[in-house]
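Trainee: Have a look at the structure that comes next, please.
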Amino acid sequence: MWSIVRCPGCKKCRGIRNKVGKCSYCGFVGDDVEVVGKAVDSSQLQREVALANMPAELRDELRKKMRPEMIVEEEADAGLFLAPLRLAADEKGVVSHEKLAIELQRKGIPISIEDLLEEAVHQGLLLRASQDRYVLLD
Ligand SMILES: [Zn+2]
């Protein structure tokens, strides 16, 4: 389960799992974020965050246009994370935090690296080898 929170600094929304952490847009640190919604998986999270970051009038229009069959995505939840993880891993499968940050930004995945790593370990995509070392299981 993910929470969608709005940053009091820049008013942008992002997804978090447990800890509020630092805003991925403006770097704001603090717990006084506004919880605006919940998402059960990462594809719902990505959609909800995209909607939350839109102007209200556009958001309602778009929500109306989203039919249920469009909301259920074909891609497995793991697929969303696997692509950036693959790109961020070296030939031994060790994931670089710096590369992962770049891939997350490029794909517009609105979550922190820590949350993504935690979720990927939970889904069995990654092995936590040591404190800051994650290895891609393939
Ligand atoms: Zn912010």
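Derivation of every value follows stated rules applied to the coordinates shown; laboratory data play no part. None of the values given here were measured: they were computed from a predicted structure. Positions of Cβ are backbone-derived with ideal geometry, glycine not excepted, and every protein chain shown enters the neighbour counts.
Trainee: Hey, how much of the P(r) for the stretch 2-71 falls beyond 20 Å, as a percent of Cα pairs?
Mentor: Working: 696 of 2415 pairs.
That fraction is 29 percent.
Trainee: Can I ask one more? First obtain the Kirkwood hydrodynamic radius of the stretch 77-136 from its Cα pairs, then insert it into the Stokes-Einstein equation at 4 °C and 1.567 mPa s, and state the resulting D in µm² per second as a whole number.
Mentor: 116
Trainee: Rounded to the nearest 20 debye, what is the charge dipole size of the chain about its Cα centre when +1 sits on each Lys and Arg Cβ and -1 on each Asp and Glu Cβ? Intermediate results must be reported in sequence, preceding the final value.
Mentor: Details: 21 positive and 23 negative charges, 73 e Å.
Charge dipole of the chain: 360 debye, to the nearest 20.
Trainee: Which one, Ser112, Tyr134, Ala83, is farthest towards the positive end of the dipole of the stretch 83-138 when Lys and Arg carry +1 and Asp and Glu -1 on their Cβ?
Mentor: Of the candidates, Ala83 comes out farthest on the positive side.
Trainee: How far apart, in nanometres, would the label points at Arg86 and Asp32 be if each is projected 7 angstrom from Cα along the Cα-to-Cβ direction?
Mentor: The answer from the label model is 4.4 nm.
Trainee: Okay, next question. Using the per-residue mean of other Cβ atoms lying within 10 Å as a proxy for protection, in what order, highest first, do the peptides 83-94, 53-64 fall?
Mentor: My ranking of the peptides, most packed first, is 83-94, 53-64.
Trainee: Continuing with the same structure: Please state the equivalent ellipsoid semi-axes for the chain: what are the square roots of 5 times the Cα gyration tensor eigenvalues, largest first, in whole Å?
Mentor: After diagonalising the Cα gyration tensor, the semi-axes are 27, 19, 12 Å.
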